[in-house]
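K.L.:
Take this structure, written in structure tokens, and hold onto it; I'll ask about it next.
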């Protein structure tokens, strides 16, 4: 863990009851004890330890990494809170770290705001905070400020987490969906749809024993080596909700280009394919939490692919398609069967088909 | 993936497409007078779009996407009835996922859920029965929907509930039957179809004998087809061979799953629990005689329709909708006046825009490619 030794300014509080009650949100000693015992203990770092109303960062210190600040926020309401391959804490760190990283930023600091339903066990809260701390260390970021609210039973589903992230973009890194050009390659860093399938499987209401684990992982390392290998990379996005299909549509729309992908080379785990077959779902729309879609100019595509494959989180990276001549804004797929179909945006949520 | 990839083999597809082209040339059909084949089942429509089968076929074949999507053909009044049942505080209303979005005249089940109704998505009627066991103080209603494919599973669930003496479980029965529907299409004066791909999963239950009248009286060939893209291509090829040889028969391409005699146990359960209705209302097609089933008197306690006295109002399809003409192959989805304008998957007016298996929604979402080609051709 990222333990920065720093003399605590005061003695650290401790929670002695098994579950969170409304008293822990009341602003008094119970709340301070909860914050100390659960969050400060796990996230321990000098910026947080002072528990001031805001964390303050040195501008000169930030400026050594680049010339622009990147700033993003995301809320996490996943059900179930713990799933194969991760939990809401890991997800809350990865999600925001990855949003910063795909924008070309080096992720540095996170905030953590937690809304807790009364009755949640304090031990469980500690487990989630530890998971956040471990993931933050993996991602090289510090959680430097936060907030805790406790709400009545039924007002939220056990726990919601919001993380906000600050990062710095190195000089010269220019990324944008509108920069995609004819001939550019479309890369992904591995097997698609694992997170979506893992969550659906973990909900347990479809009587399917799925061994699928979420791909939830912080991608700043993979992205740093990708930026290095392909300096003229046009754009990256993490295909979370809505999956790869949605991201490709956003790119095609923004750049007013057509994109075609090839089903035969799109990396999918057999378990995810089987899962989708049974439920009538399309893996292209399943969420990912450790994947990026990258648009790379053709002369840098091979080296980008090599750089991805050299990284532990990109072993199964693939070039799945390219920017082609065609109706602007349209995404198509060459199917495994030899046909072509349109890959459109989803209208709502994917719903399993009746038969 | 074994037993799946074999049925998506590109090399075999190429061979079949060449054979189909050769047969079409012999039959003497071309673009100006394309051969029209209807796939009755929504599952086929889905596969055809999912794998781009339509675009691989020569333009002298036109696939007409039939009425076999039970979600699409559900009339608005029945959705209103669902919502009325779901709004009762004691009810847990359970449904297959894709029926959640079907619009009623007031709201869909998805909206009803957002407004506080206890609507839950299940994957089988048995899951709904399990909910009834777990919640003895609540009334669990399952939205029974689908053709003969899903009918046995709801019938068996009712029989199971009876055996266990479960009193807080009922079915809102909207099951429909395929044969009267095909007959209604065959009887329509503007029909232009040359043959049918039969719904394989319905035949898994009812066998192939119930279709004999199509060949005998209407002189149209049918091939009962599986749902993988190679199944579909092979079935089209089998149909063309019949046409080329002047035959008119009910053939079974899907014999690996659908035996000629169907499934006697399933049919027995269906006959025990359900009986034919005099008529049933279809979205897009209107009222069709004997095209639906209801729960028999002996199982009245499991019939939500009797338990809750649903409003059962008839709500006419919007006037602008041309679903009926699309279903019969008279016009293509994009030739409908409201396609993609007033009628989209977000705000469906007509039945065929509702589910991803509906012809219009499938064109809107996946299609376009062959359509573009047609547009380009007509512009040139």
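K.L.:
Distance between the C-alpha centers of region A:62-76 and region A:320-343? Whole Å please.
P.N.:
Centre-to-centre distance over Cα atoms comes out at 34 Å.
K.L.:
With a Förster radius of 45 Å, plug the Cβ-Cβ distance of residue B:337 and residue B:163 into 1/(1 + (r/R0)^6) and report the FRET value to the nearest 0.05.
P.N.:
0.30
K.L.:
Run the Debye formula on the Cα coordinates of region B:1-148, all scatterers equal and no solvent, and tell me log10 I(q)/I(0) at q = 0.14, 0.19 1/Å.
P.N.:
Taking Cα atoms of region B:1-148 as identical point scatterers yields -0.80, -1.08.
K.L.:
Once you compute Rg and the Kirkwood Rh from C-alpha atoms, what is the Rg to Rh ratio for the protein assembly as shown?
P.N.:
Ratio of gyration radius to Kirkwood radius: 1.01.
K.L.:
Additional query: May I ask you to compute the full-extension gain from residue A:126 to residue A:316, defined as 0.36 nm times their residue separation minus their alpha-carbon distance, rounded to one decimal in nm?
P.N.:
Taking residue A:126 through residue A:316 to full extension adds about 65.0 nm, to one decimal.
K.L.:
Rounded to two decimals, what ratio of Rg to Rh does chain B give with C-alpha atoms and a Kirkwood Rh?
P.N.:
0.98
K.L.:
Over the whole of A:326-335, what's the average partner chain Cβ count within 10 Å per residue? Rounded to a whole number, please.
P.N.:
On the way: counts 1, 2, 0, 0, 3, 0, 4, 4, 1, 11.
Whole-number average of other-chain Cβ neighbours for A:326-335 is 3.
K.L.:
As a test, work out the antiparallel percent of DSSP beta bridges whose residues both lie in region A:228-345, rounded to the nearest 5.
P.N.:
Antiparallel bridges: around 70 percent, rounded to the nearest 5.
K.L.:
Let me ask something else about it. For residue A:73 and residue B:3, what is the calculated FRET efficiency with R₀ set at 35 Å and r taken between the beta-carbons, to the nearest 0.05?
P.N.:
According to the calculation, E is roughly 0.15.
K.L.:
What FRET efficiency would be calculated for the residue pair residue A:54, residue A:23, taking the C-beta separation as r and a Förster radius of 30 Å, to the nearest 0.05? Before the final figure, lay out each step's value.
P.N.:
Details: r = 26 Å, r/R0 = 0.85.
Efficiency at R0 = 30 Å is approximately 0.70.
K.L.:
Just to be sure I understand: of the beta bridges DSSP finds with both ends in region A:22-169, what percent are antiparallel, rounded to 5?
P.N.:
Roughly 70 percent of the DSSP beta bridges within region A:22-169 come out antiparallel.
K.L.:
Something else: State the extension gain, in nm to one decimal, for the chain segment bounded by residue B:347 and residue B:138, taking 0.36 nm per residue of separation less the distance between their alpha-carbons.
P.N.:
71.9 nm
K.L.:
What nm distance separates the two modelled labels at residue B:247 and residue B:88, each placed 7 Å from Cα along Cα→Cβ?
P.N.:
My value for the distance between the label points is 5.3 nm.
K.L.:
Next up: In percent, what relative contact order does region B:145-189 have, based on Cα pairs under 8 Å that are 6 or more apart in sequence? Present the calculation step by step, with values, prior to reporting the outcome.
P.N.:
On the way: 22 pairs, mean separation 23.8, N = 45.
In percent, rounded to a whole number, it is 53.
K.L.:
Put a dot 7 Å past each Cα toward the Cβ at residue A:14 and residue B:217; how far apart are the dots in nm?
P.N.:
Between residue B:217 and residue A:14, the simple spin-label model gives 8.6 nm.
K.L.:
How far, in nm, would the chain grow between residue B:209 and residue B:306 when pulled straight, counting 0.36 nm per residue and subtracting the alpha carbon separation? Please report the intermediate quantities before stating the final value.
P.N.:
Details: separation 97, 0.36 × 97 = 34.92 nm, distance 3.36 nm.
Computed gain between residue B:209 and residue B:306 is 31.6 nm.
K.L.:
Can you give the average number of partner chain beta-carbon atoms within 10 Å of each beta-carbon in peptide B:354-361, as a whole number?
P.N.:
2
K.L.:
A further question follows. Order the peptides A:340-347, B:215-222 from the highest to the lowest mean number of other Cβ atoms within 10 Å of their residues.
P.N.:
Result, highest mean Cβ count within 10 Å first: A:340-347, B:215-222.
K.L.:
Right, here's the next one. Given that compact globular proteins tend to follow 2.2 N^0.38 Å, what is the ratio of the alpha-carbon Rg of region A:186-269 to that value?
P.N.:
Details: Rg = 15.1 Å, N = 84, 2.2 N^0.38 = 11.8 Å.
Output field value: 1.28.
K.L.:
Tell me, what is the percent relative contact order of chain A, built from C-alpha pairs under 8 Å that lie six or more residues apart?
P.N.:
Here the relative contact order equals 20 percent.
K.L.:
Give the separation of the Cα centroids, region A:180-206 to region B:229-252, in Å.
P.N.:
38
K.L.:
Over all alpha-carbon pairs of chain A, lay out the pair-distance distribution in 10 Å bins, whole %, shortest bin first.
P.N.:
Each 10 Å bin holds this share of Cα pairs: 5, 24, 30, 24, 13, 4, 0.
K.L.:
Roughly how crowded by other chains is peptide A:259-271, in terms of the mean Cβ count from those chains within 10 Å of each of its Cβ atoms?
P.N.:
1
K.L.:
With label points built 7 Å along Cα→Cβ from the Cα atoms of residue A:170 and residue A:232, find their separation and express it in nm.
P.N.:
1.8
K.L.:
What is the pair-distance distribution P(r) of region A:225-347, computed from all Cα-Cα distances in 10 Å bins starting at 0, with each bin given as a whole percent?
P.N.:
13, 44, 36, 8, 0
Any read-out appearing in this document is the output of simple, stated calculations on the displayed coordinates, not a laboratory observation. Nothing here was measured: the structure is a model prediction, and the numbers come from that model. Please note: Cβ atoms are built from the backbone with ideal geometry, for glycine as well, and neighbour counts cover all protein chains shown.
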